[in-house]
Amino acid sequence: MFSRSDFSTHAPTVTQWIADYYKKLPELPVKSQVKPGEIYAQIEGQIPESGQPFGDIIADLDRIILPGITHWQHPNFHAFFPANGSIESLFAEMITAAIGAQCMVWETSPAAAELEQRMMEWLRDAMKLPTYWEGVIQDTASTATLTAIVCAREQSSGFSSNDYGVPNNLRVYCSTETHSSIEKAVGIAGMGRKNLVKISVDEQGAMIPALLEQAIKEDIANGKKPCCIITALGTTGTVAFDDNEAIGIIAKKYDCWLHVDAAYAGSAQLLPENQWMNKGLDYADSYVFNPHKWLFTNFDCTAYYVKDVSVLLKCMEILPEYLKTNTRGQVNDYRDWGIPLGRRFRALKLWFVLRHYGLNAIQEKLRTHIGYALEFSEFIKKQAGLTLVAGPTLNFVGFRCTEKAQGEDIAPLNERTKTLLEKINASGKAYLSHTKKDQYYIIRVIFGQTYLNDNDLANVCSLLKEKLEQLKQP
């Protein structure tokens with residue numbers, strides 16, 4: 001059992017493990033190769049009665065745990081959306097864990113609250129978001145979206161739902177391409193998943209505003225109450241962008257809360273050439289993006305902005321005697337800005353990243369990733385048997401297998417694309433993911449890993465070419 005005075009003796013073991021991990025990371029299989037239950041079977045069935053040597057625990061970390069890790073920080077991780085960290089962010093996380101502060105109100109750690117306020121202002125202003133927005137760090141976009149839906153619910157019900165229960169006629173609208181966390185949040189908020197209306201999208205995957213307004217009119221005619229509209233700046237499947245200006249006008253017309261989900265693509269708003277994404281955001285009541293995706297800040301760190309903080313506080317604030325302080329009203333007590341009471345000191349890692357990189361270096365890295373997607377899309381176009389079907393959009397590319405014959409049958413093509421993806425992932429040399437577009441199974445590639453370089457791009461192109469050739473063999 002260690003005491004605090006033992007830290008300097010044993011810390012080098014941990015920091016050396018981390019250093020060794022980063023060194024060998026490019027050689028590890030990106031996606032874990034273990035079978036279901038394989039890790040579980042190696043872990044003792046009960047808590048050991050006596051403490052075990054630290055060296056044994058570290059040895060089992062390598063022997064048992066590491067083989068069951070899919071390496072999200074691997075340079076050839078191109079699946080889903082990234083959850084990227086950085087050395088700067090890691091150092092801050094170590095300090096955060098050492099401090100161990102529970103930052104629920106200003107008085108429990110004033111620096112945590114005031115640094116968080118300033119970090120939200122830094123990002124807002126650099127991204128050219130509306131200057132009157134105020135921000136708070138949440139854990140994930142899922143929690144932020146739930147917070148937005150609860151605020152929409154309360155506003156639509158005259159702030160009565162928290163006290164008397166949720167009316168069963170409140171309607172929420174999003175596109176068919178919007179993230180699954182929205183459907184989950186509508187259920188958790190007590191509004192009922194059947195009251196989530198999914199609007200069809202255009203060829204680019206963006207919500208069709210005319211169909212949204214049509215659905216709202218039909219709901220009103222049927223005694224329903226439009227409550228909330230959720231748009232996407234960068235859908236999960238194919239990084240499509242909803243028209244926030246056209247949809248914002250509709251939201252204002254029918255008195256709906258407008259929540260904008262920019263969870264992944266929001267980081268690109270740090271680039272002046274991508275601040276076209278800000279169009280229509282003046283209509284938004286809330287907005288979310290994740291620095292823990294494409295801003296080199298370790299998971300979890302979500303930036304959530306609101307137009308009117310008083311609405312958020314009215315929905316979330318509960319003040320028992322034991323949380324009353326003399327500074328209330330003079331400072332931001334962030335436990336009133338979201339769902340959990342307990343809060344980690346997440347602002348520190350964001351501060352480390354933004355200060356150590358600086359805006360110029362962050363912009364350069366984002367542009368490099370976007371450039372890799374452009375190069376990769378040109379590579380796809382040159383491959384016989386592959387078709388580019390989405391992108392390049394920012395640092396995203398989507399493609400599928402195809403044939404030259406007319407009248408393609410979707411089922412065998414989908415199976416062929418799926419097999420290609422499985423071959424790539426089984427190799428351990430890269431990890432890609434998939435989605436469906438127009439009923440076609442497509443492979444998604446994201447170039448967003450923090451330390452990605454030209455060699456990594458070449459490696460994934462070479463691997464894809466190799467597995468495509470294997471697919472052509474009888």
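Structure above, values below:
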| read-out | value |
| --- | --- |
| Members of the range 256-270 found to be farther than 15 Å from A232 by Cβ and either free of Cβ contacts under 8 Å to residues at least 60 places away in the same chain or aromatic (F, W, Y) (or both), listed by number | W257 |
| Test: residue in the range 156-171 that is in the same structural domain as W276 (by TED's automatic domain parsing), over 28 Å from L270 (Cβ atoms) and part of a strand (DSSP E or B) | yes |
| Filter result for the condition that a residue is of a type outside the set (D, E), surrounded by fewer than 17 Cβ atoms within 10 Å (Cβ to Cβ), out of contact with any Leu (no Cβ under 7 Å at 6 or more places or on another chain) and at pLDDT 90 or above, over L350, L313, L319 | L313 |
| Residues being more than 26 Å from the chain's Cα centre (by Cα), free of Cβ contacts under 8 Å to residues at least 60 places away in the same chain and in a helix (DSSP H, G or I) - total across the range 359-394 | 3 |
| Residue match in the range 109-119 (condition: part of a helix (DSSP H, G or I), over 20 Å from the mean Cα position of the chain (by Cα), crowded, with 22+ Cβ neighbours inside 10 Å and not charged (D, E, K, R)) | yes |
| Residue under evaluation Y451, criteria (1) under 24 Å from the mean Cα position of the chain (by Cα); (2) within 19 Å of T238 (Cβ to Cβ), criterion not met | (2) |
| Pair list, Cβ < 9 Å and 6+ apart or interchain, from the range 423-443 residues that are assigned by TED's automatic domain parsing to the domain that holds Q73 to residues that are buried (at least 17 other Cβ atoms within 10 Å of the Cβ) | none |
| Selection count, the range 421-435, where residues are under 20 Å from C461 (Cβ atoms) and either among the hydroxyl-bearing types (S, T, Y) or more than 26 Å from the chain's Cα centre (by Cα) (or both) | 4 |
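So that you can scan it fast, the table gives a plain yes or no per residue for (1) in the same structural domain as N76 (by TED's automatic domain parsing); (2) more than 28 Å from the chain's Cα centre (by Cα); (3) assigned to a loop (DSSP other than H, G, I, E, B):
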{"position": "S8", "(1), (2), (3)": "yes, yes, no"}
{"position": "P12", "(1), (2), (3)": "yes, yes, no"}
{"position": "Y21", "(1), (2), (3)": "yes, no, no"}
{"position": "E38", "(1), (2), (3)": "yes, yes, yes"}
{"position": "A41", "(1), (2), (3)": "yes, yes, no"}
{"position": "S50", "(1), (2), (3)": "yes, yes, yes"}
{"position": "G55", "(1), (2), (3)": "yes, yes, no"}
{"position": "R63", "(1), (2), (3)": "yes, yes, no"}
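The values are calculated or read from the model by the stated rules, or taken from the named source; none is laboratory data. Just so it is clear, the model here is predicted, and its values are computed rather than measured. Glycine also receives a Cβ, built like all others from the backbone with ideal geometry; neighbour counts cover every protein chain displayed.
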